[in-house]
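The values are calculated or read from the model by the stated rules, or taken from the named source; none is laboratory data. The structure presented is a predicted model; accordingly, all values stated were derived computationally and were not measured. Quick reminder, even Gly has a Cβ in these numbers, built from the backbone with ideal geometry, and neighbours come from all protein chains shown.
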């Protein structure tokens, strides 16, 4: 195919379309690099024979571009595997229909009649799973994703006369905890709000299943700055190239029936169908997100700019690794070898030369992030070991020092709620390390408890703050670690 020719099914001999087994709410980069890739792997390795119908969940999106390329696009995957750089790309071919319900509501409703439809997948952002009381059955379409889905489910119930075999498996991928439970609760609210019959509610509850998920893959998306290099690798023109890291993890809460419905065990993908996904969520939050949050102030004060630069450096890299493997991992109640491997995978991802992850971009809302992602590990370590974790304590002190706002005469990239920033400003204006530390550590709105009540906690933070200011992070941490 000439490089100037547009990507379409006729040109590549793919005019026979797969039956629609999946209706997917969302057409953005993440779903295309994650879920659609996963179902394509099922088609290849398990003869799954599943086509995906994409629904644009809001009134602006990529459906017209997808239709312009017959649902085809190229996924480039780049990263580190076992310490080695790896790059590969694949043409994704399983998107067989793309619908904008704001322009073609009738076509949207027709999806409910698909005989082989089994799965509903979604990623409508964290704000997408929301209850909008003003949504009605008569709207074409209702505004919220749960309302749109309720309409589709009701149409299917009516069309198949409540056939038990036509219930669906609903798997939301939005990044909120208990995503399926939240979605199900809102759908039931709409059933009540719209006075839909009890038979429909029973059909939904008895014959459809809802499965919460954890998804994990970094997807930078369309590689705008390097698009010429990407296009040179193709013999067709693709306006919907999407790039991702190679790492892939999908944890789905489900039983043996779901494992039979989704035979991912026949693929090489890291898809885990488990009775309880919460330990996996805790693992990700504490190790991956926790490491990110713990490293940001400390590494910025150490003169670093990116995650890769931070983990590659002999001092900051060792500090982050010791924080994760010596102080965070031991607090998790999971298989230690599994945790170690997950941690090693995380550091491979941090070293990915194809992803430029700026520390300043991770600094957003660092106080609330520290409370959720790092503080539980710190407090659990104290409970288990009856002593303070020196790396996490020094990281905490770095966070407090970071929120002073300047370092070596330069402004630091603080990006947080104005009230939080002002609280730190007032605390630092006390001009006394002990008073500053006590004012911050006793703020229960930040941490959920008064941390000055923990033995030696305040003293350690004060010592670390003094060391950071007087000696910098490297010498300061060395001195601090000898004291505690």
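For every residue, the table says whether it meets (1) modelled with pLDDT of 95 or more; (2) in a helix (DSSP H, G or I); (3) touching a strand residue (DSSP E or B) at 6+ places or on another chain (Cβ under 9 Å).
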site	(1), (2), (3)
129	no, no, yes
136	yes, no, no
151	yes, yes, no
158	yes, yes, no
161	yes, no, no
176	no, no, no
Open item on the list: For segment 402-446, give me each residue that is modelled with pLDDT of 95 or more and touching a strand residue (DSSP E or B) at 6+ places or on another chain (Cβ under 8 Å).
Closed with: 405, 412
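To keep it simple, each residue is scored yes or no on (1) surrounded by 20 or more Cβ atoms within 10 Å (Cβ to Cβ); (2) touching a residue at least 24 places away in the same chain (Cβ under 8 Å).
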{"residue": "107", "(1), (2)": "no, no"}
{"residue": "122", "(1), (2)": "yes, yes"}
{"residue": "175", "(1), (2)": "no, yes"}
{"residue": "191", "(1), (2)": "no, yes"}
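Identify all residues within segment 9-27 that are over 20 Å from residue 242 (Cα atoms), at pLDDT 95 or above and not in a strand (DSSP E or B); write none if there are none.
18, 19
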Open item on the list: Criterion first (in a helix (DSSP H, G or I), touching a residue at least 24 places away in the same chain (Cβ under 8 Å), over 17 Å from residue 31 (Cβ atoms) and under 30 Å from the mean Cα position of the chain (by Cα)) does residue 141 satisfy it?
Closed with: no
TODO: Scan segment 346-387 for residues that are part of a loop (DSSP other than H, G, I, E, B), out of contact with any strand residue (DSSP E or B) (no Cβ under 9 Å at 6 or more places or on another chain) and surrounded by 19 or more Cβ atoms within 10 Å (Cβ to Cβ) and report the count.
DONE: 1
Open item on the list: Based on this model, can you work out whether residue 170 counts as under 23 Å from residue 32 (Cβ atoms) and within 23 Å of the chain's Cα centre (by Cα)?
Closed with: yes
Task: Members of segment 28-56 that are at pLDDT 95 or above, within 20 Å of residue 240 (Cα to Cα) and not in a strand (DSSP E or B) - done: 31, 32, 33, 34, 35, 36, 37, 38, 39, 40, 41, 56
Open item on the list: Can you report the number of residues in segment 11-36 which are free of Cβ contacts under 8 Å to residues at least 60 places away in the same chain and either surrounded by fewer than 22 Cβ atoms within 10 Å (Cβ to Cβ) or not assigned by TED's automatic domain parsing to the domain that holds residue 150 (or both)?
Closed with: 3
Open item on the list: Can you find a residue that is at pLDDT 95 or above and out of contact with any helix residue (DSSP H, G or I) (no Cβ under 8 Å at 6 or more places or on another chain) anywhere in segment 368-381?
Closed with: yes
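Restricting attention to segment 108-127, and to residues there that are part of a loop (DSSP other than H, G, I, E, B) and closer than 23 Å to residue 29 by Cβ, which single residue is modelled with the highest pLDDT?
Going through the qualifying residues, I end up with 123.
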- [ ] Give the residues of segment 437-464 that are under 32 Å from the mean Cα position of the chain (by Cα), in a helix (DSSP H, G or I) and surrounded by fewer than 21 Cβ atoms within 10 Å (Cβ to Cβ), sorted by residue number.
- [x] 444, 445, 446, 447
Open item on the list: One residue is enough: does segment 394-404 have a residue meeting the conditions surrounded by fewer than 20 Cβ atoms within 10 Å (Cβ to Cβ) and either out of contact with any helix residue (DSSP H, G or I) (no Cβ under 7 Å at 6 or more places or on another chain) or free of Cβ contacts under 8 Å to residues at least 24 places away in the same chain (or both)?
Closed with: no
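Does residue 91 satisfy the condition of being assigned to a strand (DSSP E or B), in contact with a strand residue (DSSP E or B) (Cβ under 9 Å, 6 or more places away or on another chain) and surrounded by fewer than 16 Cβ atoms within 10 Å (Cβ to Cβ)?
When the stated conditions are applied, residue 91 passes them.
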Task: Sole residue being touching a strand residue (DSSP E or B) at 6+ places or on another chain (Cβ under 8 Å), closer than 22 Å to residue 176 by Cβ and surrounded by fewer than 20 Cβ atoms within 10 Å (Cβ to Cβ), chosen from 289, 276 - done: 276
